[in-house]
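As structure tokens, the structure follows; a few thoughts come after it.
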Amino acid sequence: MYWNKTIETMEHDQMQQLQARRLRDVVEHMYQKVPFYRALMQQEGLLPQDIATLADISKLPFMTKQDMRDNYPYGLFAVPPSEIVRIHASSGTTGKATVVGYTKRDLGMWSEVMARSLTAAGVSKQSFVQISYGYGLFTGGLGLHYGAELVGASVIPVSSGNTARQISLMKDFGTTALACTPSYALHLAETMNEMGIDPKSTALKVGILGAEPWSDKMRSQIETSLNIRATDIYGLSEIIGPGVACECSEQQGLHINEDHFYPEIIDPLTGEVLADGQKGELVLTTISKEGMPMIRYRTRDLTVLDRSPCGCGRTLVRMSKVMGRSDDMLIIRGVNVFPSQIESVLLGLGETSPHYQLIVDRQGHLDTLTVMVEISEAMFSDEVRRLEMLERKIQTELASVLKITAKVRLVAAKTLERSEGKAKRVIDNRQI
């Protein structure tokens, strides 16, 4: 079942012609309207007319999250403020928030790609879609919301949290499609089991799950425990939000809506463009956005592009499940965590040494973070009560900055392994 069969089954050469035309338009638009981007192109000795074909995109410089922070809040907007009808933003826990502005046409495009994604996942006009992603500045809730409405489904905008109520509504309202993070889907299943509710007694059929890394093993657990088909959806607020790509019923990769988001895979170290089938960092160019286009945006997500035929009949290129990150960012329970944030907290308190290590585990279905922190020998031999007070102090400060709870363990000096090269700050034991 397709939402836009013309686009979703378009021949590759036709798609490339469409992409090339839109690329030329967006480069011209950015050059004329965004001084920051014009300066970037001038540094490379480029003019808009130098970008004539898709192959020419490799001449253009990359954009990064830091560019968004440096131009906070509206420096990358490519239209007057009066044409921006919605603003989303990150939490800003690592510094300046990243801000994205949408025109009315951008929101229409977002709803369109979400409608395609939901339809590919099995959502229809007869569906009841319970949206358990957060609403607000985060793009998850509203992105799903307007796409589901465009499909004509009945939207249940419950947002995140209050698990018992989520389950109650699911039963009472006849929810057929659940949209949330994969870990929360498993938590819902566990809670249903504790409440003595058999998922087969509900009308649930499909889950549209994303915003954090998850494996096929986890998919199997979700599908078994909730009696649904679990569908992976991909997106990032810097580009549009959810709807950049989504799985179809074949579950053999996520179809990228490449008429709007032109994908490249690069070597994260050299920036060299890699061929289809090679693992590398995903780079996306928004070739139809007007409020705040992004050209060659480095997502830091590692994946592989696949153009082999798909059983669903769609010709849109597929990306594999995200295999990791090219930077040091961790995603824990849907929250972006940078080791540098933790280092900043520890050094700011001034009561510990600069030696620390982060240990990430998955207990049951939930990710956990333990922060091992070295303290001086004198302090380590201090009374237990003082050590416990310091642990609680660090834990409280970390929760304030990270927005998630981390366990803190104080250890004696020189407990943590030293390295002559780059320190090994993170041990990620999750099998994802």
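Hey, any hits in segment 115-122 for a residue that's modelled with pLDDT of 95 or more, small (Gly, Ala, Ser), part of a loop (DSSP other than H, G, I, E, B) and farther than 22 Å from ARG298 by Cα?
Of segment 115-122, the ones modelled with pLDDT of 95 or more are 115-122.
Next cut, small (Gly, Ala, Ser) only: 115, 117, 120-122.
Then keep just the ones that are part of a loop (DSSP other than H, G, I, E, B); that gives 122.
Checking which are farther than 22 Å from ARG298 by Cα leaves us with 122.
The answer is yes; a qualifying residue exists.
How many residues does segment 1-31 contain that are modelled with pLDDT of 95 or more, assigned to a loop (DSSP other than H, G, I, E, B) and of a type outside the set (S, T, N, Q)? Show your work before the answer.
Looking only at segment 1-31, we keep the residues that are modelled with pLDDT of 95 or more, and these are 2-31.
From what's left, assigned to a loop (DSSP other than H, G, I, E, B): 2-4, 9-11.
After this cut, where a residue has to be of a type outside the set (S, T, N, Q) as well, the list is 2-3, 10-11.
Adding up the residues that qualify gives 4.
With the condition kept exactly as written, say whether any residue in segment 48-61 is within 20 Å of PRO263 (Cα to Cα), touching a residue at least 60 places away in the same chain (Cβ under 8 Å) and among the basic types (Lys, Arg).
There is no residue in segment 48-61 that is within 20 Å of PRO263 (Cα to Cα), touching a residue at least 60 places away in the same chain (Cβ under 8 Å) and among the basic types (Lys, Arg).
GLU190 is checked against (1) under 19 Å from TRP214 (Cβ atoms); (2) of a type outside the set (Ser, Thr, Tyr); (3) within 24 Å of the chain's Cα centre (by Cα) and fails just one. What number does that condition carry?
Unmet condition: (3).
Go over the candidates GLY207, GLY235, GLY241 one by one and state the one that is open to solvent by less than 20 Å² (accessible area, probe 1.4 Å) and touching a Gly at 6+ places or on another chain (Cβ under 7 Å). Before the answer, list the steps.
Numbers: GLY207 fails: touching a Gly at 6+ places or on another chain (Cβ under 7 Å); GLY235 fails: open to solvent by less than 20 Å² (accessible area, probe 1.4 Å).
Going through GLY207, GLY235, GLY241 in turn, the sole match is GLY241.
Conditions: (1) in contact with an Asp or Glu (Cβ under 7 Å, 6 or more places away or on another chain); (2) modelled with pLDDT of 85 or more. ARG392 meets all but one. Number of the miss?
Checking ARG392 against (1) in contact with an Asp or Glu (Cβ under 7 Å, 6 or more places away or on another chain); (2) modelled with pLDDT of 85 or more, the one that fails is (1).
For SER160, all conditions in the list (1) surrounded by 17 or more Cβ atoms within 10 Å (Cβ to Cβ); (2) under 22 Å from LEU254 (Cα atoms) hold save one; what is the number of the exception?
Going through the list (1) surrounded by 17 or more Cβ atoms within 10 Å (Cβ to Cβ); (2) under 22 Å from LEU254 (Cα atoms), SER160 breaks only (2).
I need a count of the residues in segment 78-105 that are surrounded by 15 or more Cβ atoms within 10 Å (Cβ to Cβ), modelled with pLDDT of 95 or more and either among the hydroxyl-bearing types (Ser, Thr, Tyr) or on the phi > 0 side of the Ramachandran plot (or both).
Counting residues in segment 78-105 that are surrounded by 15 or more Cβ atoms within 10 Å (Cβ to Cβ), modelled with pLDDT of 95 or more and either among the hydroxyl-bearing types (Ser, Thr, Tyr) or on the phi > 0 side of the Ramachandran plot (or both) gives 2.
How many residues, within segment 58-68, are part of a helix (DSSP H, G or I) and either in contact with a helix residue (DSSP H, G or I) (Cβ under 9 Å, 6 or more places away or on another chain) or surrounded by fewer than 17 Cβ atoms within 10 Å (Cβ to Cβ) (or both)? Spell out how you get there, then give the answer.
Of all residues in segment 58-68, those part of a helix (DSSP H, G or I) come to 58-59, 65-68.
From the residues that got through so far, the ones that are either in contact with a helix residue (DSSP H, G or I) (Cβ under 9 Å, 6 or more places away or on another chain) or surrounded by fewer than 17 Cβ atoms within 10 Å (Cβ to Cβ) (or both) too are 58-59, 66-67.
Of the residues in that region, 4 qualify.
What number of residues within segment 88-123 are out of contact with any Ser or Thr (no Cβ under 9 Å at 6 or more places or on another chain) and in contact (Cβ under 8 Å) with a residue 40 or more places away in the chain?
Selection size over segment 88-123: 11.
Scan segment 244-262 for residues that are surrounded by fewer than 20 Cβ atoms within 10 Å (Cβ to Cβ) and either under 22 Å from THR64 (Cβ atoms) or out of contact with any Gly (no Cβ under 6 Å at 6 or more places or on another chain) (or both) and report the count.
Initial filter on segment 244-262 (surrounded by fewer than 20 Cβ atoms within 10 Å (Cβ to Cβ)): 249-252.
After this cut, where a residue has to be either under 22 Å from THR64 (Cβ atoms) or out of contact with any Gly (no Cβ under 6 Å at 6 or more places or on another chain) (or both) as well, the list is 249, 251-252.
Residues in segment 244-262 being surrounded by fewer than 20 Cβ atoms within 10 Å (Cβ to Cβ) and either under 22 Å from THR64 (Cβ atoms) or out of contact with any Gly (no Cβ under 6 Å at 6 or more places or on another chain) (or both): 3 in total.
Look at TYR184 and say whether it is open to solvent by 50 Å² or more (accessible area, probe 1.4 Å) and either in contact with a Leu (Cβ under 9 Å, 6 or more places away or on another chain) or part of a loop (DSSP other than H, G, I, E, B) (or both).
Numbers: open to solvent by 50 Å² or more (accessible area, probe 1.4 Å): no; either in contact with a Leu (Cβ under 9 Å, 6 or more places away or on another chain) or part of a loop (DSSP other than H, G, I, E, B) (or both): yes.
Judged against the criteria, TYR184 is not a match.
Limited to segment 136-177, what total is found for residues that are hydroxyl-bearing (Ser, Thr, Tyr), at negative phi and not in a helix (DSSP H, G or I)?
If we filter segment 136-177 for residues that are hydroxyl-bearing (Ser, Thr, Tyr), which is where we start, we get 139, 146, 154, 159-160, 163, 168, 175-176.
Okay, now just the ones that are also at negative phi, so 139, 146, 154, 160, 163, 168, 175-176.
Pick out the ones that are also not in a helix (DSSP H, G or I) and you get 154, 160, 175-176.
Residues flagged as hydroxyl-bearing (Ser, Thr, Tyr), at negative phi and not in a helix (DSSP H, G or I) within segment 136-177 amount to 4.
If you take the residues in segment 35-85 that are more than 23 Å from the chain's Cα centre (by Cα) and among the basic types (Lys, Arg), which one is nearest to THR98 (Cα to Cα)?
ARG38
Restrict the check to segment 12-35 and report whether at least one residue is among the aromatic types (Phe, Trp, Tyr), out of contact with any Ser or Thr (no Cβ under 8 Å at 6 or more places or on another chain), over 30 Å from VAL206 (Cα atoms) and buried (at least 18 other Cβ atoms within 10 Å of the Cβ). So that I can check it myself, show each step before the final result.
Step one: of segment 12-35, the residues among the aromatic types (Phe, Trp, Tyr) are 31.
Cutting the leftovers down to out of contact with any Ser or Thr (no Cβ under 8 Å at 6 or more places or on another chain) gives us 31.
If we keep only those that are over 30 Å from VAL206 (Cα atoms) as well, we get 31.
Those left that are additionally buried (at least 18 other Cβ atoms within 10 Å of the Cβ): 31.
Within segment 12-35, one or more residues are among the aromatic types (Phe, Trp, Tyr), out of contact with any Ser or Thr (no Cβ under 8 Å at 6 or more places or on another chain), over 30 Å from VAL206 (Cα atoms) and buried (at least 18 other Cβ atoms within 10 Å of the Cβ).
Condition check: assigned to a loop (DSSP other than H, G, I, E, B) and either touching a Lys or Arg at 6+ places or on another chain (Cβ under 8 Å) or basic (Lys, Arg) (or both). Does ASP301 satisfy that? Lay out the reasoning, then the answer.
Working: assigned to a loop (DSSP other than H, G, I, E, B): no; either touching a Lys or Arg at 6+ places or on another chain (Cβ under 8 Å) or basic (Lys, Arg) (or both): yes.
Judged against the criteria, ASP301 is not a match.
The values are calculated or read from the model by the stated rules, or taken from the named source; none is laboratory data. What you are looking at is a predicted structure, and each value in this text was computed from that prediction instead of being measured. Cβ atoms come from the backbone with ideal geometry, glycine included; neighbour counts cover every protein chain shown. Accessible surface areas use protein heavy atoms only, side chains included; no ligands, DNA or RNA. Shrake-Rupley method; radii C 1.70, N 1.55, O 1.52, S 1.80 Å.
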